[in-house]
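Undergrad: Take a look at this one; I'll ask things after.
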Amino acid sequence: MIYLDNNATTPLCSEALEAMMPFLTECWANSSSGYRFARRARAAVDEARARVAALLDAEPAEVVFTSGGTEASNAAIQSAISLHPDRRHLITAATEHEATLRPLEALAARGYELTVLPVDSRGLISLEDLAAALRPAQTALVSLMWANNETGVVQPVAQAAALAQEAGVLFHCDAVQAAGKTPLRLSALPVHYASFSAHKFHGPKGVGALYVSGSVRFAPSALGGGQEGGRRSGTLNVPGIAGMGAAAAAALSHLEAEAGRLALLRDQFESGVLERIAGAHVHGAQAPRLPNTCSLRIDGVDAQGALLLLDNAGICVSTGSACATGSIRPSHVLTAMGLNSRQARETLRFSFSRYNTADDVARAVTELEKAVAKLRLTLAATGVT
Ligand code: PLP
């Protein structure tokens, strides 16, 4: 099998598995307990916090472990509105992940005013639009993702966060797809909250983190036993957290070399497809992008059909975000970039990881070429367009 769906999830790295094993077997203590048996679990959590902080270029105290990216984004949004109950305006972008859009839409249904910034055909917001939308003393939060899960397009987060800061508005960044793929340097940015998920960088599923800048307050939504300094109650997922820490350390050690290697693989893939398959178009090619992601459409080729043929050839890809697979609605990300619903349904996403090789890329181009030829033949035979 050739796995090219790494924006949906990634395989667990051996470093993470090794770090998790003791806490799934002999050391199953609750990390909050007072006896010596629990100390090893507590030490593993401390180490993981430092390792995750290093990946983000943050302080360990700024890392709050969660169950994943969705919980982290929900917690950031809830914190912003709790801290500013008098502010009833929120800002986000049209291409955000559902983990941001859904909670914001739920607030809009409760009477909040929600500005959804449009994106251009490259998938980028306009900083002028953001500046015009910001309302000092009225906007509770700007939520803008670092990199898009479907296209890999990287937003101008540093400039957007600076604009929010000038207006005195909290800024949340969904950095789930960016972590481990591009340097983050949060300490140098006026980002107040940021979301992360271990399974996107070869850690385990069901564990993530919310970065809470030491410069801002945080109002918790998960109340209970007061774990994580009262910021996220609930018994800590020690094996998951240890795995996330080890995956973060491995990602950091590979970051520089992998960013260049992945961009090369992605570029080889794209030039192979564009040379060999007529009517192929890469989305977001003119924008800054993650090095590992290629979203493309092929004229007249149903992406679902291509996905099935690639699957038969042992290649795993996606037709958009994993959450949207099987949904009959075209991707909101692609339609926000100006694609019509037919073009959105002609779109496939290939996302690479440090476990992919140049051979994988060559096989993927060949199998995609075969799949497209077969689908076009069928189309021509049936006359269905
Ligand atoms: N944000 C983005 C950009 C994502 O790609 C995902 C996962 O698909 C999430 C948030 C949600 O993360 P999790 O699966 O950890 O809840």
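Undergrad: Which peptide among 369-377, 186-194 comes first, and what is the full order, when sorted by highest mean count of other Cβ atoms within 10 Å? Mind dumping the intermediate values first?
TA: Details: 369-377: 16.4, 186-194: 21.6.
Sorting 369-377, 186-194 by mean packing, highest first, produces 186-194, 369-377.
Undergrad: What nm value, rounded to one decimal, do you get for the distance between Arg363 and Arg217 when each label is placed 7 Å out toward the C-beta?
TA: For Arg363 paired with Arg217, the spin-label model returns 5.5 nm.
Undergrad: Check the straight Cα-Cα distances from Lys181 and name the lysines below 28 Å, setting aside those fewer than 8 residues away within the same chain.
TA: Lys200, Lys205
Undergrad: Can you tell me the mean projection area, over all orientations, of the convex hull of the chain's alpha carbons? Units nm², please.
TA: Values: hull surface 76.5 nm².
Over every viewing direction, the Cα hull of the chain projects on average to 19.1 nm².
Undergrad: With just the Cα atoms defining each centre, how far is the stretch 116-194 from the stretch 23-54? Give it in Å.
TA: Taking the Cα centre of each part, the stretch 116-194 and the stretch 23-54 sit 34 Å apart.
Undergrad: Go through His281, Gly234, Tyr3 and say which Cα lies farthest out towards the positive end of the charge dipole of the chain; charges sit on Cβ, +1 for Lys and Arg, -1 for Asp and Glu.
TA: Of the listed residues, the answer is Gly234.
Undergrad: Something else: Which value does Rg/Rh take for the stretch 1-123 over its C-alpha atoms, Rh per Kirkwood?
TA: On the way: Rg = 19.5 Å, Rh = 18.1 Å.
That ratio equals 1.08.
Undergrad: While we're here: Just to verify a number: FRET efficiency for Met21 and Ala43, C-beta to C-beta distance, R0 = 22 Å, to 0.05? Each step should come with its number before you reach the end.
TA: On the way: r = 16 Å, r/R0 = 0.71.
That pair, Met21 with Ala43, gives E of 0.90.
Undergrad: Let me ask another. Tell me, rounded to the nearest percent, the portion of alpha carbon pairs in the stretch 162-232 spaced more than 15 Å apart. Could the numbers behind the result be given before it?
TA: Working: 1498 of 2485 pairs.
The proportion of pairs with Cα distances above 15 Å equals 60 percent.
Undergrad: Assigning unit charges at the beta carbon (Lys, Arg +1; Asp, Glu -1) and nothing else, what dipole magnitude in debye, to the nearest 20, does the chain show about its Cα centre? Don't skip to the end; give the middle numbers.
TA: Numbers: 33 positive and 35 negative charges, 111 e Å.
Rounded to the nearest 20 debye, it is 540 debye.
Undergrad: Sticking with this one: Semi-axes of the equivalent ellipsoid of the stretch 7-78: what are they in whole Å, largest first, if each equals the square root of 5 times a C-alpha gyration tensor eigenvalue? It would help to have the intermediate numbers written out before the result.
TA: Values: eigenvalues 106, 59, 34 Å².
Its equivalent ellipsoid spans semi-axes of 23, 17, 13 Å.
Undergrad: In cubic angstrom, how much convex hull volume per residue do the alpha carbon atoms of the stretch 236-349 span?
TA: Numbers: hull volume 18.0 nm³, N = 114.
Dividing the Cα hull volume of the stretch 236-349 by its residue count gives 158 Å³.
Undergrad: Next up: So which helices of the chain fit the span-like rule, where a helix is a whole DSSP H run, its Cα atoms reach 24 Å or more along the axis, and its mean Kyte-Doolittle is at least -0.5? Don't jump to the answer; show the numbers that get you there.
TA: Numbers: long enough: 36-56 (31 Å, -0.04); 238-276 (48 Å, 0.40); 358-382 (36 Å, 0.30).
Helices meeting the criterion: 36-56, 238-276, 358-382.
Undergrad: Between Arg342 and Ser126, what is the label-point separation in nm under the 7 Å Cα-to-beta-carbon projection?
TA: Roughly 2.9 nm, to one decimal.
Undergrad: On a full-extension model of 0.36 nm per residue, what is the gain between Lys205 and Ala137, subtracting their alpha-carbon distance, rounded to one decimal in nm?
TA: Here the segment from Lys205 to Ala137 would lengthen by 20.7 nm.
Undergrad: Take the Cα atoms of the stretch 135-176, find their three principal axes, and give me the spread along each one in whole Å, biggest first.
TA: Answer, in whole Å and largest first: 34, 16, 13 Å.
Undergrad: Would you mind checking the radius of gyration and Dmax of the stretch 81-126 based on alpha-carbon positions, in Å?
TA: Values for the stretch 81-126 (Cα only, Rg and Dmax): 11.7, 36 Å.
Undergrad: Under the Kirkwood approximation for Rh and a Cα-based Rg, what ratio Rg/Rh is obtained for the stretch 52-174?
TA: A ratio of 0.94.
Undergrad: Taking neighbour counts of Cβ atoms within 10 Å as a proxy for exposure, in what order, fewest first, do Leu296, Leu379 appear?
TA: Details: Leu296 23, Leu379 15.
Ascending number of Cβ neighbours within 10 Å: Leu379, Leu296.
Undergrad: Quick check for me: using +1 on Lys/Arg Cβ and -1 on Asp/Glu Cβ, what's the dipole size of the stretch 40-126 about its Cα centre, in debye to the nearest 20? Don't skip to the end; give the middle numbers.
TA: Numbers: 9 positive and 12 negative charges, 39 e Å.
Charge dipole of the stretch 40-126: 180 debye, to the nearest 20.
Undergrad: Follow-up question, since we're still on this one. Taking the C-alpha atoms of the stretch 107-242, how large are the radius of gyration and the largest Cα-Cα span, Dmax, in Å?
TA: 16.1, 47
Undergrad: Okay, moving on. Lys and Arg at +1, Asp and Glu at -1: add these up for the other residues within a Cβ distance under 15 Å of Val273 and post the number. Intermediate values should be presented prior to the final figure.
TA: Details: positive: Arg266, Arg276, Arg297, Arg349, Arg363, Lys370, Arg376; negative: Asp267, Glu270, Glu275, Asp299, Glu346, Asp360, Glu367, Glu369.
Surrounding charge for Val273 is -1.
Undergrad: While we're on this one: Between Asp299 and Glu166, what is the label-point separation in nm under the 7 Å Cα-to-beta-carbon projection?
TA: Placing both labels 7 Å along Cα→Cβ, they lie 4.3 nm apart.
Undergrad: Over the chain, what is the mean sequence separation of C-alpha contacts under 8 Å (at least six apart), divided by residue count, expressed as relative contact order in percent?
TA: Details: 793 pairs, mean separation 89.4, N = 385.
Relative contact order here is 23 percent.
Undergrad: So what is the calculated 222 nm ellipticity per residue for the chain, using -39500 (n - 2.57) for each DSSP H run with n of 4 or more, over all residues, to the nearest 500 deg cm²/dmol?
TA: On the way: 11 runs with 160 residues, N = 385.
When only DSSP H runs of four or more count, the value is -13500 deg cm²/dmol.
Undergrad: Cβ neighbours within 10 Å, averaged per peptide: list 45-53, 148-156, 215-223, 348-356 in order, most packed at the top.
TA: Details: 45-53: 21.6, 148-156: 26.9, 215-223: 15.4, 348-356: 23.8.
Most protected by this proxy first, the peptides run 148-156, 348-356, 45-53, 215-223.
Undergrad: Let me ask another. Given charges of +1 on the Cβ of Lys and Arg and -1 on the Cβ of Asp and Glu, with all other atoms neutral, how large is the dipole of the stretch 137-265 about its Cα centre, in debye to the nearest 20?
TA: Values: 8 positive and 6 negative charges, 43 e Å.
Computed about the Cα centre, the dipole is about 200 debye.
Undergrad: Taking only Cα atoms and a 10 Å spring cutoff, compute GNM fluctuations for the chain and point out the largest among Asp302, Asp174, Asp86.
TA: Asp86
Throughout, read-outs are computed from the coordinates displayed, never taken from laboratory work. Fair warning: this is a prediction, and the values are worked out from it, not measured in the lab. In this analysis, Cβ positions are derived from the backbone assuming ideal geometry, glycine residues included, and neighbour counts consider all displayed protein chains.
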